[in-house]
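Here is the structure we will look at.
The values are calculated or read from the model by the stated rules, or taken from the named source; none is laboratory data. Because the structure is predicted, anything quoted here is derived from the model rather than measured. All Cβ positions, glycine included, derive from the backbone under ideal geometry; neighbour counts span all protein chains shown.
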Amino acid sequence: MTDLWHAGSAMTATPRLPGVLAPFARRRTWNELLYSLAGLPAGIACFVFSVVTLSVGGALVVVFVGLPIIAISGSTARQLGAGFRRSSQTLTGVAVPAPPPLHPRPGLFGWIGSSLLDVTAWRAQLYLILKLPLGITSFGVAVTFYATGVGGVSYPIWRPFLPCQNGRDGQCHVGASLGPYYFLDTPFRIGLGVVIGVLVLLAAPWAVRSALKLDHWAVRALLGATQSQLRVEQLTRTRTTAIDDSAATLRRIERDLHDGAQARMVSVAMTIGLAREKLAEGADPAEASRLLDTAHTSAKEAVGELRDLARGIHPPVLDTGLASALQTLAAHSAVPVELHTTIAGRQDPAIETMAYFCVAELLANVAKHSEATQAWINAGTAGPWLRVAVSDDGRGGARTAPGSGLAGLADRVATVDGTLTVDSPPGGPTTVSIDVPLTSGRSA
Amino acid sequence: MRIVIAEDSVILRDGLVGLLTDRGHEVVSAVSDGESLRRDVARHLPDVCVVDIRMPPSFTDEGLRAALAIRRAQPDVGVLVFSQYVETRYAAELLAGSAKGVGYLLKDRVADVREFVDSLTRVASGGTALDPEVVSQLLGASRRTAALSTLTPREREVLEHMAEGLSNAGIAAVLTITDRAVEKHIANVFIKLALPPSENDNRRVLAVLRYLDS
């Protein structure tokens, strides 16, 4: 139980108290009490706001001013919802992903239209209306438990001030009554009142927290981003990665061509041009022949560079399938590689290419950073997933820090809804696995 | 000629030095970035410098910036800008104000050694050398289609060579016609396009380019 209180607690230094009293030393307990008590006035205000603005707006739709009123109400509800989401997070530790901001269409009418169709605003309106019963509940529970508890604990102090009541025995009793004729006025019964007070007070933080569960549920369901909004956000992010990635690739190819083959071909043309000039001038043929040798060598180098570049864009071996492409990669690796693959047949070309380049980069990482003497590739399909794992016996400590090569790979894998997992304790061994859905979203 | 070369590709730089030395010119300095180029041009005051556009550190238009700075600071030094692509915008920047001692050529042109060295010599002696590719881009984009369509094919060729910066004698040599014929074609072109006659080759280049670009 104690662990539950630790989880998400904002307190850093907790005063030492006996276990049962510990909750009272935590700021979160008091934050939750505050949130519960504030829930009632907030609930009343929000309920009134939503009901009044929506009904006034609704009634005035026929004279057109209704729609702007509903739009303004929605936009305000959105802000209030964001406020509740934040205060719920700060005070009670409920972390809910924020819904995306509204991107209204241009112009006043665009704004009104966008606001009227804003799902986030309507969900917030629903929360504001529900906040009334939620606030009543949390307020009621909090007041009941804390008042009963504090009242019970302090009973001996305030009992003497109670008025005298006549019991069944006709005598005067100074004390609270449980039931019509059961007065807490004997030392034992006073003690009983205190014990009940202590128990209720100790239970109060738990009761308040339990009552807030309903509010948490409503915050999660109505004030957070929906699944589809989260999906859109993820797709937007990975799309950006994909676009940046392909732009960077094109730039790199252009640079490689410009600095490599293109420069070499200019030099070949220049050298041949000079040789032709020499021959036309009737110079020593041996000199022209030397120039042609240079041009010949340069031309062969240019051909080699073009071949490497073309292979870097799309390795022809991929056309025969991922399994044989991985074989080629393993054979060309600087570190000895053992390949184990159970991939049968062909997969989606986009997925095969993705897997191929990931493995190529992972093997390059192994050769560059790991100091490994042996690496392994395990590739296979499991249901609708392709899993490729590259392991090595190197020094470990690989990490997907932002901006690192592995983070870049993870981003790229995410563009096809795949994941990259790194298991690399210091001292090794390292295993980096990528899991990608075989359908690549094409038919999904 | 005394020449400074700025080219970041080692192959091309060495090739150019070899080629120009072989053709009897003196390469006083060969550098690989704009900063060094400006320093060495100021120090050696060569007849001409050959400048690659894309050089470190920015790998964008470093060379062009350096070339423009040299045109301002050392107007007597010819500047031949040398690139793997031609951009009309770069040509316009280079020729803004004056076409004296300026050239802009595709790197491929070096394959025709004699023509390349001729262009370089022309730039060194204050003339202009504009790549045929730039001229054809300008012609292609020109809005003066009506007037241009009145030119005969031969006159159009003459116009293109004028825009490239060739002298009358140069045009005559390329088209293998007489100087007299060239003069006649030029006179016709000027009349058909309503251009003011101009004796100076550089002014003539500018006049033609402005006409095409307007």
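The table for this structure:
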read-out: Test: A:Gln229 is surrounded by 14 or more Cβ atoms within 10 Å (Cβ to Cβ), under 28 Å from the mean Cα position of the chain (by Cα) and not aliphatic (A, V, I, L, M); value: yes
read-out: Whichever residue in region A:370-390 is hydroxyl-bearing (Ser, Thr, Tyr) and outside any helix (DSSP H, G or I) and, among such residues, is surrounded by the fewest Cβ atoms within 10 Å (Cβ to Cβ); value: A:Thr373
read-out: Leading residue by the ranking (farthest from the chain's Cα centre (by Cα)) among those in region A:343-369 that are crowded, with 16+ Cβ neighbours inside 10 Å and not in a helix (DSSP H, G or I); value: A:Ile343
read-out: Flag if B:Ser125 is within 28 Å of A:Arg276 (Cβ to Cβ) and surrounded by fewer than 16 Cβ atoms within 10 Å (Cβ to Cβ); value: yes
read-out: Residue among B:Leu12, B:Leu45 that is under 19 Å from A:Asp259 (Cβ atoms), of a type in the set (A, V, I, L, M, F, W, C) and modelled with pLDDT of 90 or more; value: B:Leu12
read-out: Helices (runs of 4 or more DSSP H) fully within region B:141-214 counting 1 or more residues that are charged (D, E, K, R); value: B:153-164, B:179-193, B:201-213
read-out: Long-range neighbours under 6 Å by Cβ, at least six apart or interchain, first residue within 14 Å of chain A (Cβ to nearest Cβ) within region B:116-128, second assigned to a helix (DSSP H, G or I) and basic (Lys, Arg); value: B:Phe116/B:Arg109
read-out: Selection count, region A:160-179, where residues are within 21 Å of A:Thr144 (Cα to Cα) and assigned to a loop (DSSP other than H, G, I, E, B); value: 5
read-out: Region B:66-77 - residue that is over 16 Å from the mean Cα position of the chain (by Cα) and over 19 Å from B:Val27 (Cα atoms) and, of those, nearest to the other protein chains (Cβ to nearest Cβ); value: B:Ala69
read-out: Test result for A:Ser114, in a helix (DSSP H, G or I), among the hydroxyl-bearing types (Ser, Thr, Tyr) and within 22 Å of the chain's Cα centre (by Cα); value: no
read-out: Filter result (surrounded by fewer than 20 Cβ atoms within 10 Å (Cβ to Cβ), of a type in the set (A, V, I, L, M) and either within 14 Å of chain A (Cβ to nearest Cβ) or within 13 Å of B:Gly165 (Cβ to Cβ) (or both)) within region B:80-110; value: B:Leu106
